[in-house]
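**Q** Quick one: the structure is below, questions incoming.
The values are calculated or read from the model by the stated rules, or taken from the named source; none is laboratory data. Note that the coordinates shown come from a computational prediction; the quantities given were computed from them, not determined experimentally. Glycine also receives a Cβ, built like all others from the backbone with ideal geometry; neighbour counts cover every protein chain displayed. Calculation scope for accessible area: heavy atoms of the full protein, side chains included, ligands and nucleic acids excluded. Shrake-Rupley method; radii C 1.70, N 1.55, O 1.52, S 1.80 Å.
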Amino acid sequence: MAILGLAALLRLVGVGYGLPLPVLNPDEPNIVLRGWRMGHGDLDPSWYDYPSLLMGLLAPLQAFADAPSYEVARAFAVLIGLGGVAATWWLGRRAYGTGA
């Protein structure tokens, strides 16, 4: 549990980096904007440099925003990251025991 807490702390410290200027993170405007468009009815992201799963997962969260919300997208990315840490911990414990 301490590892999950440390992972959350590390992610939350950097969650505000570069806001409100998304130009500092060149991929973020593309992903968030397309997720926002998908949440407002245009289900084709029209951009295939990256897989569309993240954009599709952001779409329902962005559907309630009047403009692309970077804060919502970053909060969701924190949750995905913490889910990965938790899944890794669970898999390690399951495969190698509690000492892992």
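**Q** Divide by every residue of the chain the summed helix terms, -39500 (n - 2.57) for each DSSP H run of at least 4, and state the resulting mean residue ellipticity at 222 nm, rounded to the nearest 500 deg cm²/dmol.
**A** -20000 deg cm²/dmol
**Q** Right, another one. Along the charge dipole of the chain, Cβ charges K/R +1 and D/E -1, which of G41, V13, P26 sits furthest on the positive end?
**A** Comparing the listed Cα positions along the dipole, V13 ranks first.
**Q** Next up: Over the chain, what is the relative contact order in percent, taking alpha-carbon pairs closer than 8 angstrom and at least six residues apart?
**A** That works out to 28 percent.
**Q** Report in % the part of the accessible area of the chain that belongs to carbon and sulfur, leaving out ligands and nucleic acids; probe 1.4 Å.
**A** 69 percent
**Q** Could you give the angle, 0 to 90 degrees to the nearest 10, between helix 2-13's Cα long axis and the longest principal axis of the Cα atoms of the chain?
**A** Computed tilt is about 30 degrees.
**Q** Per residue, how many Å² of accessible area does the chain show with a 1.4 Å probe?
**A** Each residue of the chain exposes 68 Å² on average to a 1.4 Å probe.
**Q** Continuing with this model, one more query. Tell me, what HN-Hα J-couplings in whole Hz come from the Karplus equation 6.51 cos²θ - 1.76 cosθ + 1.60 at θ = phi - 60° for each residue of segment 91-98, using x for Gly and Pro?
**A** Result, rounded to whole Hz: 5, x, 5, 5, 7, 10, x, 5.
**Q** If the label point is 7 Å along Cα→Cβ of D42, which residues in segment 55-76 have backbone nitrogen under 19 Å from it?
**A** Output list for this probe position: 55-70, 73.
**Q** So what's the angle, to the nearest 10 degrees on a 0 to 90 scale, between helix 28-39 and the longest Cα principal axis of the chain?
**A** Around 70 degrees separate the two axes.
**Q** Continuing with the same structure: Tabulate in residue order the Karplus-calculated ³J(HN,Hα) for segment 43-56, using 6.51 cos²θ - 1.76 cosθ + 1.60 with θ = phi - 60°, rounded to whole Hz; enter x for Gly and Pro.
**A** 3J(HN,Hα) across segment 43-56, in whole Hz: 7, 9, x, 6, 7, 10, 5, 10, x, 8, 4, 4, 4, x.
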